[in-house]
């Protein structure tokens with residue numbers, strides 16, 4: 001079994017130095033510089049050992065202690081070693097009470113740390129991941145979207161393309177779900193959404209002619225002016241007509257219906273921007289919001305769309321969503337269309353548009 005060591009320290013030099021000293025066959029090392037990215041790693045990787053500083057964002061905060069508590073809850077078999085420049089008796093006692101396996105005083109010798117770690121038991125090559133901060137992701141130039149076609153089920157013509165945010169800078173944020181989960185914990189979704197919008201607008205001139213550009217946007221990101229201003233300025237810069245833009249609002253998270261949200265939506269509408277509701281029916285019921293915003297499109301999630309015709313329950317759900325769209329005068333886009341039988345069944349139900357591998361996988365512009 002390959003051991004996985006998660007190092008958490010806000011000082012890059014310390015994290016890099018420890019990783020270099022501990023790198024060996026059979027050991028995977030992940031270095032994080034904030035608690036939020038460490039939480040993402042803990043929840044998504046089989047971490048065997050954690051070496052964490054006690055203070056990660058200031059002299060008066062002890063996030064390392066809270067992290068110990070979280071580790072014990074999420075992964076009780078993981079070994080936790082706390083490191084600190086001020087190992088008082090009270091701090092050591094509190095760390096042990098929370099479940100720490102050891103407390104090391106900085107500076108410490110690597111020889112004193114090695115016996116505390118899970119020994120590697122295989123000969124796989126060493127692996128090191130330096131997790132970037134959110135600011136580094138946004139400023140890296142590595143946010144470059146991929147595009148997937150949305151086609152008319154009636155004649156197979158391209159109705160538009162969906163821009164899918166992609167970070168090209170390596171693990172773990174090549175997974176968009178992890179990147180946006182991290183941004184949410186950092187209260188930086190609006191900044192990330194703005195960066196993704198700018199990246200999409202930059203790529204649009206390289207696309208083959210396409211009438212509509214669909215872009216995902218978190219509703220919370222619309223509550224400030226950042227996203228609105230980014231759309232206006234980058235559309236102007238790259239010559240994109242905003243009447244081609246469709247913003248997809250996801251249903252997978254609760255939407256707070258604030259006056260700022262509706263003001264932003266109205267301003268965007270005056271600029272020609274259209275709206276879609278993504279993943280309709282997956283989690284939260286946004287019927288009042290659909291009534292208020294009156295989106296042009298409702299998108300049926302691939303959770304329901306893929307091979308729905310072969311499952312009576314999924315077929316019933318899709319039929320109900322088609323009826324819902326008719327009530328609100330929305331066009332339906334069904335996602336997850338992987339074969340012709342699904343496309344035929346969707347067409348028979350009166351669904352106008354489809355998206356999925358049958359029509360094309362996400363690809364770079366140009």
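General observations
- Within the span defined as segment 205-215, every residue fails to be in the same structural domain as residue 263 (by TED's automatic domain parsing), surrounded by 16 or more Cβ atoms within 10 Å (Cβ to Cβ) and over 25 Å from residue 332 (Cβ atoms).
- Counting only residues that are in contact with a helix residue (DSSP H, G or I) (Cβ under 8 Å, 6 or more places away or on another chain), over 15 Å from residue 248 (Cβ atoms) and buried (at least 19 other Cβ atoms within 10 Å of the Cβ), segment 146-177 holds 5 of them.
- Residue 294 meets all of the listed conditions (1) free of Cβ contacts under 8 Å to residues at least 12 places away in the same chain; (2) within 30 Å of residue 202 (Cα to Cα) but one, namely (1).
- Residues that are crowded, with 17+ Cβ neighbours inside 10 Å, within 25 Å of the chain's Cα centre (by Cα) and in a helix (DSSP H, G or I) within segment 1-30 comprise just one, 15.
- Conditions (1) at pLDDT 80 or above; (2) surrounded by 16 or more Cβ atoms within 10 Å (Cβ to Cβ); (3) within 15 Å of residue 328 (Cβ to Cβ): number failed by residue 228: (3)
- Condition met for residue 33 (touching a strand residue (DSSP E or B) at 6+ places or on another chain (Cβ under 7 Å), closer than 27 Å to residue 174 by Cα and surrounded by 14 or more Cβ atoms within 10 Å (Cβ to Cβ)): no
- Of all the listed residues (65, 91, 56), the sole one being at pLDDT below 95, surrounded by 14 or more Cβ atoms within 10 Å (Cβ to Cβ) and part of a loop (DSSP other than H, G, I, E, B) is 56.
- Reported count of residues in segment 94-105, each being free of Cβ contacts under 8 Å to residues at least 24 places away in the same chain and part of a loop (DSSP other than H, G, I, E, B), is 1.
- Residue identified as in contact (Cβ under 8 Å) with a residue 40 or more places away in the chain and more than 20 Å from the chain's Cα centre (by Cα) among 305, 272: 305
- Filtered by the rule that a residue be under 21 Å from residue 67 (Cβ atoms), assigned to a loop (DSSP other than H, G, I, E, B) and in contact with a strand residue (DSSP E or B) (Cβ under 6 Å, 6 or more places away or on another chain), segment 123-143 gives a lone residue, 131.
- Selection status of residue 120, in a loop (DSSP other than H, G, I, E, B), within 18 Å of the chain's Cα centre (by Cα) and over 22 Å from residue 206 (Cβ atoms): no
The values are calculated or read from the model by the stated rules, or taken from the named source; none is laboratory data. Computed from a prediction, not measured in an experiment: that's the story for all the values here. All Cβ positions, even for glycine, are placed from backbone atoms using ideal geometry, and neighbour counts span all protein chains on display.
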